[in-house]
């Protein structure tokens, strides 16, 4: 069963078609990666899926229901969580407070005067479990502004998970990271995938990471869907090799 799909999705800016008649689907609990050269339309497609942009034509469906005209907020409430290339956290709150606020939001807990947040033991417990999952337990009391870039990425993912997100749209989670930080974010994404409770759609340029994680890979080129298949089939696809991979991937060394 497909949890997320598009039908003939397109968006045009002036005379430029950034996403051109794209139809694809993501089965529930699958890990799908989206690759393509710069300018292929990957982030624009994410903006259409999460509601930041409205299509010129075509539709987006969640669990079979059309959500094309729903706002990003309404889509988030339905379970679509989106990360951005730039991290999006509350810099002057602690790591724990960032996650705790997301858990509170999910549970519908608003500010309660005369009641200490420590009274909500289940909120704190869940927050600490999420920090453990993203390997930030030792940073719980640190201000988010003082985190390294890779740590902010992990915090952002924890906040998305705290909102009980069913679908994670991860837009280049390793962008801007040092070589030392990449293995940790990879380990976090592996841990989330291994739980088997989330559907994950990833935009990424690191082919080793994509091959290691993906159940399927779709390739965009000039806004069009060039291919959508299992990783090894994608790597053998001559059109993909010509348009994007340029022979950099050798299946015999994979």
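Search region 62-92 for residues being free of Cβ contacts under 8 Å to residues at least 40 places away in the same chain and buried (at least 18 other Cβ atoms within 10 Å of the Cβ), and hand back the single one that is farthest from residue 142 (Cα to Cα). Checked region 62-92; the qualifying residue farthest from residue 142 (Cα to Cα) is 67. Taking the criterion of being within 30 Å of residue 142 (Cβ to Cβ) and in contact (Cβ under 8 Å) with a residue 12 or more places away in the chain, would at least one residue in region 32-48 satisfy it? Checking region 32-48: at least one residue is within 30 Å of residue 142 (Cβ to Cβ) and in contact (Cβ under 8 Å) with a residue 12 or more places away in the chain. For residue 192, the conditions (1) surrounded by fewer than 16 Cβ atoms within 10 Å (Cβ to Cβ); (2) closer than 29 Å to residue 51 by Cα; (3) at pLDDT 95 or above all hold with the exception of (1). Residues being farther than 25 Å from residue 149 by Cα, in contact (Cβ under 8 Å) with a residue 40 or more places away in the chain, under 18 Å from the mean Cα position of the chain (by Cα) and crowded, with 20+ Cβ neighbours inside 10 Å are represented in region 50-61 by at least one member.
State whether one or more residues within region 22-35 are at pLDDT below 95 and either more than 19 Å from residue 198 (Cβ to Cβ) or part of a loop (DSSP other than H, G, I, E, B) (or both). Quick ask: steps written out before the conclusion?
Step one: list which residues in region 22-35 are at pLDDT below 95, which gives 35.
When the remaining residues are screened for being either more than 19 Å from residue 198 (Cβ to Cβ) or part of a loop (DSSP other than H, G, I, E, B) (or both), the result is 35.
The answer is yes, given that some residue of region 22-35 is at pLDDT below 95 and either more than 19 Å from residue 198 (Cβ to Cβ) or part of a loop (DSSP other than H, G, I, E, B) (or both).
Screening 89, 26, 19 for residues that are farther than 23 Å from residue 155 by Cβ and touching a helix residue (DSSP H, G or I) at 6+ places or on another chain (Cβ under 7 Å) leaves exactly one candidate, 19.
Table: residues versus (1) assigned to a helix (DSSP H, G or I); (2) under 19 Å from residue 4 (Cβ atoms).
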| site | (1), (2) |
| --- | --- |
| 188 | yes, no |
| 197 | no, yes |
| 211 | yes, no |
| 220 | no, yes |
| 226 | no, no |
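Being at pLDDT 95 or above and on the phi < 0 side of the Ramachandran plot is a property that does not hold for residue 212.
The values are calculated or read from the model by the stated rules, or taken from the named source; none is laboratory data. Not measured: the values here are computed from a predicted model. As a convention, Cβ positions derive from the backbone with ideal geometry for all residues, glycine included, and neighbour counts pool all protein chains shown.
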